[in-house]
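*Asks:* Pasting a structure here, questions to come.
Please treat every number below as a calculation from the coordinates, not as lab data. Worth saying up front: this structure is predicted, and the values here are computed from it rather than measured. Glycine gets a Cβ as well: all are built from the backbone with ideal geometry, and neighbour counts include every protein chain shown.
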Amino acid sequence: MTPDKGVRGSFVGNGRLSDEAKAELQRPRPATEKELEELLRQLLDLLVECVGSTIADRSGRYTEQLKREAAEKTYDYYVFRLMTNWRADGTVIPWLAHRNVFFHKFKRTIRDLNRHNTTLRGVRKHGQEEPKPVSRFIPMDAAEAPDIIVSRVHGDRWRAPESTEAQALTPMALELIPRIISVLGTRTGDSGLSEKHAQLARILMHLELGAGSLAEDDVRLLWSFTDIRVWRSQVAQAWHEQALADQQQSTGNGKRPRALTKPNQSEVNEGTRRVLQLTKTCLYLFITLAPPQRAVARPETMHQLLDLVFHSNKSLTTQQRKLLQHAGKNLQPGAWQFRVHKDEFVSSARTLAAFRTSTEDELLEDLHQAEAAFAPHVPGQRTPPRFRCVLECSDHLPQPPKGHIDD
Amino acid sequence: MTDNELTSQDVAFLELLASPPTVDLVLDDILNGFSVERAREVLDSPEKLNHLLTIVAQVAPGLGWKLASSGTTEASRLNAQLLFAALQHRAETADIDTPLVTQLDELTTIVPGRLAAADRALLAHVALPDGDLWWDPLNLDEPPIVAYQGDAPRWVAEVGPQSAGQHPLGRYALGRWLFRWHPGTGQHHNPFDEPLLRLELGVLAWQNASHLGSTEAATHWLRDSGTTLLQLVNRVQHWTGWRRELADDLLAPAADAYLATQPDSGPAAAIRELADRLRHADTLVQLSGIDQLRPADFSAAPESAELALVAGESSNQVIAQGLVTIDPRCVPPRSIARRQMQAMWEVVDGPNPELHVLVVAGETPVEGLQAQVVADGVESVLELRRTGSLYSGNLQLEQLPDRLDVQIVHPEHGRDSRSANRREDFIADIESIIETRQEIYLDLTDLSVDCTVLVDRPFLAELVAWDAEL
């Protein structure tokens with residue numbers, strides 16, 4: 001009788017995994033790419049099954065959205081684990097694609113999300129109490145935070161990203177901009193675009209980016225252009241003519257028209273600036289402050305995060321929100337690292353009464369804290385949060401592993 | 001600068017926009033899935049595929065794409081092909097969340113990022129001769145915090161990120177966690193079955209003896225477990241389904257472990273017979289001569305200490321009173337009531353002012369607790385004796401205090417300096433873990449999981465706590 005060997009009773013039910021079968025599934029084994037894909041396919045089927053399930057809790061069913069979110073998180077988690085093993089030494093652990101394991105994690109995840117949606121993410125529900133995380137050590141996106149112990153202890157490999165980040169970020173920004181503009185167009189207030197500005201944004205996107213969809217009015221406007229290289233003065237001209245026409249229509253009753261002498265170029269420029277600044281702010285919030293590999297692309301999430309930064313809430317102080325807004329406007333376009341232009345940010349933030357006398361270091365530290373308060377709200381964020389912070393500190397930036405710390 | 005001009009930054013941004021990549025945008029496809037035509041287009045063009053990979057390294061594939069990849073149609077086959085390429089690329093370019101590895105003298109500690117901010121007291125801990133492990137009690141399939149002296153012991157790789165993450169030691173750690181932190185059932189007719197948990201812990205300690213370095217822990221847990229085991233045989237006769245399977249899985253190893261660690265104990269002969277039967281018979285028959293005992297009901301506790309105070313006559317005037325949250329870290333497991341983890345105190349006026357302290361006892365009451373009292377900076381210790389379901393004690397004060405701080409401790413556990421908020425959070429965290437386990441095993445219907453194969457399957461003591469009928 002050996003103490004380490006579990007002795008199973010003689011009541012193994014039909015279809016139940018024996019200890020031996022389970023041990024076999026848990027054993028890492030070399031796999032070809034085909035075999036890996038087979039496991040990925042299994043995971044896809046489990047994902048579909050979870051999405052279509054009628055899983056219920058005490059108070060009834062979970063929402064479709066919750067089910068989808070939980071299923072996806074579970075899927076992402078096991079894909080990551082499978083992939084990491086496979087990339088490290090060409091092995092797979094079939095257990096990680098086993099339905100029991102998957103469903104179990106899915107149930108846990110949906111339960112956590114349900115609690116967190118009514119708590120941590122409650123920023124959109126007005127008048128709610130400030131949420132308290134269920135547990136300080138179980139982060140919202142636990143399922144997406146695989147922990148890879150890489151050190152000489154395990155002999156695992158750490159791989160530097162193959163392409164430099166900056167190269168990849170520009171195309172990413174260009175992919176996001178059409179979505180950002182259409183989200184901004186549906187918002188009002190500080191984080192939204194008026195009808196005219198939204199039209200400007202669509203034209204800009206169409207002409208400069210060759211993307212996005214135009215409204216009927218936009219097409220009419222474009223048709224009136226005689227030279228699209230100077231499209232901003234063309235817009236000013238078109239708006240001017242439109243205003244004149246409107247005025248003529250409404251002067252039938254003898255009212256004296258207000259002087260409309262020439263196209264108002266500054267109105268167009270100001271609008272363009274506003275579009276560009278808001279767009280940059282969005283890129284800052286959705287790329288710079290997002291976790292690596294998790295840029296924000298879903299419109300619902302964009303709305304949530306914009307609310308967080310532009311509407312008062314209990315997660316960020318007013319001053320933190322203002323700093324984030326100013327930082328976003330001053331995203332550095334030149335090097336395109338998606339970093340805040342520090343000098344420009346500092347002088348812009350000093351226009352705020354609360355920061356008029358702050359030193360540069362103080363301002364940057366305050367912004368850093370505001371970023372740290374914002375970042376955990378981006379879906380997929382880990383604990384501790386990872387993002388491209390203004391101070392480029394080692395706590396937030398992705399970093400190569402420390403072999404050890406000698407001290 | 002006037003409003004009339006664009007800043008140099010704005011112009012630079014416009015210039016950037018004016019030089020878009022020549023390939024099509026793919027974000028919509030990444031989020032929602034590809035049509036057959038789009039998928040072929042991308043697969044046929046190295047440039048487009050490359051662009052897709054560039055983008056997908058920055059943004060997660062959407063659920064729509066994943067769902068579109070499942071199935072047997074041509075579209076799903078093509079979507080899957082692209083999706084798997086994307087997943088591989090993401091894994092290649094992943095910024096891997098490195099754990100914090102620290103080395104101080106000979107001690108190496110590896111803390112996975114997720115657990116970086118964890119309160120270790122809340123983790124499921126097990127100490128081995130050559131190191132320590134701390135698991136998140138709700139995520140036994142994820143890597144634990146490990147600490148060891150000198151070279152890495154073999155188990156470090158066994159629990160690491162490249163393992164299947166179902167290490168039996170994790171279950172032992174979870175059992176220990178439940179033993180320490182389970183607050184009790186709060187139902188006086190069905191108190192937490194500590195002996196049953198001891199039995200299962202003993203089996204786990206026995207099965208993990210090679211990691212634990214000896215069978216000492218098994219011996220410790222299994223002492224006096226003979227009767228529990230014999231009673232369990234009878235108790236599970238009417239259990240069915242997976243609950244029965246869980247119980248049946250425990251019986252044979254429990255008999256073996258018990259006989260190996262306590263061969264000369266009283267119930268050994270009966271258990272030897274049981275072990276023999278388990279080896280040879282297909283069905284278990286009820287054992288005769290064993291009373292189907294359960295832990296004795298603990299005496300019904302009053303709803304709250306407040307009620308108890310009201311019940312006790314006090315003709316003198318109560319000057320001040322208050323509630324203080326008890327830190328579970330400072331008292332033995334289940335020694336205080338789950339629903340009343342607060343001590344009630346009151347100061348009664350009189351020739352000599354007196355402090356009364358009351359605590360409602362839990363399901364595993366102890367003889368007494370202590371109240372550490374600081375009245376106007378003067379410290380004193382008040383012994384609280386238990387009578388029935390209440391611990392109580394009185395302390396003569398020299399004068400009416402302006403400031404009073406009361407903390408309940410047990411001499412063996414000592415004081416904790418955490419704030420009341422931290423104590424309440426700690427209690428809430430424990431409750432959350434206890435509730436989560438119940439919900440995922442009992443309350444969430446559909447998608448039934450054969451939990452008997454999982455390392456964090458319910459302990460029998462949990463099953464009987466969830467369902468008093470068992």
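*Asks:* Nearest 500 deg cm²/dmol is fine: what mean residue ellipticity at 222 nm does chain B get from its DSSP H runs of n ≥ 4 alone, each adding -39,500 (n - 2.57), divided by its residue count?
*Replies:* On the way: 17 runs with 183 residues, N = 470.
When only DSSP H runs of four or more count, the value is -11500 deg cm²/dmol.
*Asks:* Using Cβ counts within 10 Å as a stand-in for footprinting exposure, how do A:76, A:45 rank, fewest first? Walk me through the numbers before you get to the answer.
*Replies:* Details: A:76 23, A:45 14.
Ranked by crowding around the Cβ, least crowded first: A:45, A:76.
*Asks:* Compactness ratio of region B:30-159: Cα Rg over 2.2 N^0.38 Å, N = residue count? Each step should come with its number before you reach the end.
*Replies:* Values: Rg = 21.4 Å, N = 130, 2.2 N^0.38 = 14.0 Å.
Normalised by 2.2 N^0.38 Å, the Cα Rg of region B:30-159 equals 1.53.
*Asks:* Kirkwood hydrodynamic radius of region A:177-329 from all distinct Cα pairs, in Å?
*Replies:* Working: mean 1/r = 0.0581 Å⁻¹.
Computed over region A:177-329, the radius equals 17.2 Å.
*Asks:* Quick one: divide the alpha-carbon radius of gyration of region B:138-275 by 2.2 N^0.38 Å and tell me what you get.
*Replies:* Values: Rg = 16.5 Å, N = 138, 2.2 N^0.38 = 14.3 Å.
Normalised by 2.2 N^0.38 Å, the Cα Rg of region B:138-275 equals 1.16.
*Asks:* Output the peptides B:395-404, A:66-75 sorted from most to least packed, where packing is the average of other Cβ atoms within 10 Å over each peptide's residues. Mind dumping the intermediate values first?
*Replies:* Values: B:395-404: 13.3, A:66-75: 22.6.
For the peptides B:395-404, A:66-75, the packing ranking is A:66-75, B:395-404.
*Asks:* Still on this structure: Counting other Cβ atoms within 10 Å of each Cβ, which GluC sites (Glu not before Pro) in region B:432-470 have at most 13 and sit in a DSSP loop? Write out the running numbers ahead of the final one.
*Replies:* Values: sites: B:435, B:439, B:462, B:469; in loops: B:469.
Here the sparse-neighbourhood loop sites are B:469.
*Asks:* Rounded to the nearest 0.05, what FRET efficiency is calculated for residue A:241 and residue A:41 with R0 set to 45 Å and r the Cβ-Cβ distance? Before the final figure, lay out the partial values.
*Replies:* Numbers: r = 59 Å, r/R0 = 1.32.
The calculated FRET efficiency here is 0.15.
*Asks:* Something else about it: Mind checking the mean number of beta-carbon atoms from other chains within 10 Å of the Cβ atoms in B:147-157? List each step's numbers first, then the result.
*Replies:* Details: counts 0, 1, 0, 0, 1, 4, 0, 0, 0, 4, 5.
Going residue by residue through B:147-157 and averaging, the value is 1.
*Asks:* Provide the per-residue ³J(HN,Hα) series for region A:229-237, in order, calculated from phi with Karplus coefficients 6.51, -1.76, 1.60 and θ = phi - 60°, each as a whole number of Hz, with x at glycine and proline positions.
*Replies:* So the Karplus estimates, Gly and Pro as x, are 5, 10, 5, 5, 6, 5, 5, 4, 4 Hz.
*Asks:* Bin all alpha-carbon pair distances of region A:313-369 at 10 Å intervals from 0 and give each bin's fraction as a whole percent.
*Replies:* The distribution over region A:313-369 is 26, 54, 19, 1, given as percents.
*Asks:* Right, another one. How do A:34, A:322 rank when sorted from fewest to most other Cβ atoms within 10 Å of their own Cβ? It would help to have the intermediate numbers written out before the result.
*Replies:* Numbers: A:34 7, A:322 19.
Ordered by Cβ neighbours within 10 Å, fewest first: A:34, A:322.
*Asks:* How shielded is A:93-102 by partner chains, expressed as the average number of their Cβ atoms within 10 Å of its Cβ atoms? Don't skip to the end; give the middle numbers.
*Replies:* Details: counts 5, 1, 6, 3, 0, 4, 3, 7, 7, 2.
Rounded to a whole number, the mean comes out at 4.
*Asks:* Per the Debye formula with a single identical scatterer at each Cα and no solvent contribution, what log10 I(q)/I(0) holds for chain B at q = 0.11, 0.14 Å⁻¹?
*Replies:* -1.03, -1.31
*Asks:* Give, in whole angstrom and from largest to smallest, the semi-axes √(5λ) of the equivalent ellipsoid of region A:257-308, with λ running over the eigenvalues of the Cα gyration tensor.
*Replies:* Working: eigenvalues 254, 27, 10 Å².
Value: 36, 12, 7 Å, ordered largest first.
*Asks:* Can I ask one more? What do the square roots of 5 times the Cα gyration tensor eigenvalues come to for region A:337-400, in whole Å, largest first, as semi-axes of the equivalent ellipsoid? All intermediate terms of the calculation are to be shown ahead of the outcome.
*Replies:* Numbers: eigenvalues 115, 31, 19 Å².
Its equivalent ellipsoid spans semi-axes of 24, 12, 10 Å.
*Asks:* Tell me the volume per residue, in Å³, of the convex hull enclosing the alpha carbons of region B:220-286.
*Replies:* Details: hull volume 5.2 nm³, N = 67.
Spelled out: Cα convex hull of region B:220-286, divided by residues, is 78 Å³.
*Asks:* With label points built 7 Å along Cα→Cβ from the Cα atoms of residue B:445 and residue A:33, find their separation and express it in nm.
*Replies:* That separation, rounded to one decimal, is 4.6 nm.
*Asks:* Using each residue's phi in region B:382-393, evaluate 6.51 cos²θ - 1.76 cosθ + 1.60 at θ = phi - 60° and report the 3J(HN,Hα) Karplus result to the nearest Hz, with x for Gly and Pro.
*Replies:* Taking θ as phi minus 60°, the curve returns 10, 6, 9, 8, 9, 10, x, 9, 10, 9, 8, x Hz for region B:382-393.
*Asks:* Per residue of A:65-72, count partner chain C-beta atoms within 10 Å of its C-beta, then hand back the mean as an integer. Don't skip to the end; give the middle numbers.
*Replies:* Numbers: counts 0, 0, 0, 4, 1, 0, 3, 6.
Mean inter-chain Cβ contacts per residue within 10 Å come to 2.
*Asks:* Provide the descending list of Cα extents for region B:352-470 along its principal axes, expressed in whole angstroms.
*Replies:* Ordered largest first, region B:352-470 gives principal extents of 65, 30, 23 Å.
*Asks:* On to the next question. If you rank B:423, B:77, A:229 by fewest surrounding Cβ atoms within 10 Å, what's the result?
*Replies:* On the way: B:423 21, B:77 13, A:229 8.
In order of increasing Cβ crowding within 10 Å: A:229, B:77, B:423.
*Asks:* Whose amide H sits under 5 Å from the amide H of residue A:57, counting only residues 5 or more places off or on another chain, with H placed in the peptide plane?
*Replies:* Excluding prolines and chain starts, which carry no amide H, the hits are A:62.
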